[in-house]
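So the structure is just underneath, and the comments pick up after that.
Each value in this text was obtained by applying a stated rule to the coordinates, not by laboratory testing. All of these numbers come straight from a predicted model, not from anything done at the bench. Quick reminder, even Gly has a Cβ in these numbers, built from the backbone with ideal geometry, and neighbours come from all protein chains shown.
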Amino acid sequence: MSHEQLDNLVRIGQLKVEPTVGTECEGLLRSGIRRLDDAGREELSLESRFDLAYNAAHALALAALRFRGYRSESRYLVFQCLQHTIDLPNEQWRVLDQAHRKRNLAEYEGDVDVDEQLVVALLRVAREVSERVIKLGIS
């Protein structure tokens, strides 16, 4: 996989190059998988499941970015980089984009507006991200 696009983001100051730390990647992977498992628990409220699934996806996406040797200050950019870190298809990225917007509305404006369909889609995409990150070889 070419890192040309990621290097372009470094040149414009959106990403930083930072050596991979195996224990950091492993911790992010463990955290993501644990949250993803919890997000699948249907006895939890829909809002809690959304929050767990969103944060699982973010931890897993950050693990992929860190594994490739980059760091970002932007949650949104971490998701955008999935196309380049694990070759995530655009249609799956769009689910994460929608979830990120919903998360920001909930976090910063108190407007929690999630439905079952979004949570199911978010879980599906987060599981795909998890599988692709595991294939990177993070222990």
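Starting from the 7 Å offset along Cα-to-Cβ, what nm value, one decimal, do you get for the label separation of Glu131 and Gln98?
Going from the Glu131 label point to the Gln98 one covers 2.0 nm.
Quick one: Phe50, Phe67, fewest Cβ neighbours within 10 Å first, how do they rank?
Phe67, Phe50
Which residue, chosen from Leu36, Leu82, Val119, occupies the Cα position most advanced towards the positive end of the dipole of the chain, where the dipole is computed from +1 (Lys, Arg) and -1 (Asp, Glu) charges on Cβ about the Cα centre?
Of the options given, the answer is Leu82.
Quote to one decimal, in nm, the extra length available between Leu77 and His3 on full extension: 0.36 nm per residue of separation minus the C-alpha distance between them.
25.1 nm
In the chain, once you exclude exposed GluC sites (Glu not before Pro) (DSSP loop, at most 12 other Cβ within 10 angstrom), what's the longest stretch remaining?
The segment 74-139 is the longest one with no such site.
With r as the distance between the Cβ atoms of Leu46 and Val10 and R0 = 25 Å, compute the FRET efficiency 1/(1 + (r/R0)^6) and round to 0.05.
Result of the calculation: an efficiency of 0.05.
How far apart, in nanometres, would the label points at Leu105 and Glu26 be if each is projected 7 angstrom from Cα along the Cα-to-Cβ direction?
4.1
Can you list residues from other chains, or at least 5 along the same chain, whose modelled amide H is less than 5 Å from the amide H of Tyr70?
Glu18
What translational D, rounded to a whole number of µm²/s, comes out for the chain from Stokes-Einstein when the hydrodynamic radius is the Kirkwood one over Cα pairs, at 20 °C and 1.002 mPa s?
Calculated translational D: 142 µm²/s.
What does the charge dipole of the chain about its Cα centre add up to, to the nearest 20 debye, if the Cβ of each Lys and Arg holds +1 and the Cβ of each Asp and Glu holds -1?
With only Lys, Arg, Asp and Glu charged at Cβ, the dipole is about 500 debye.
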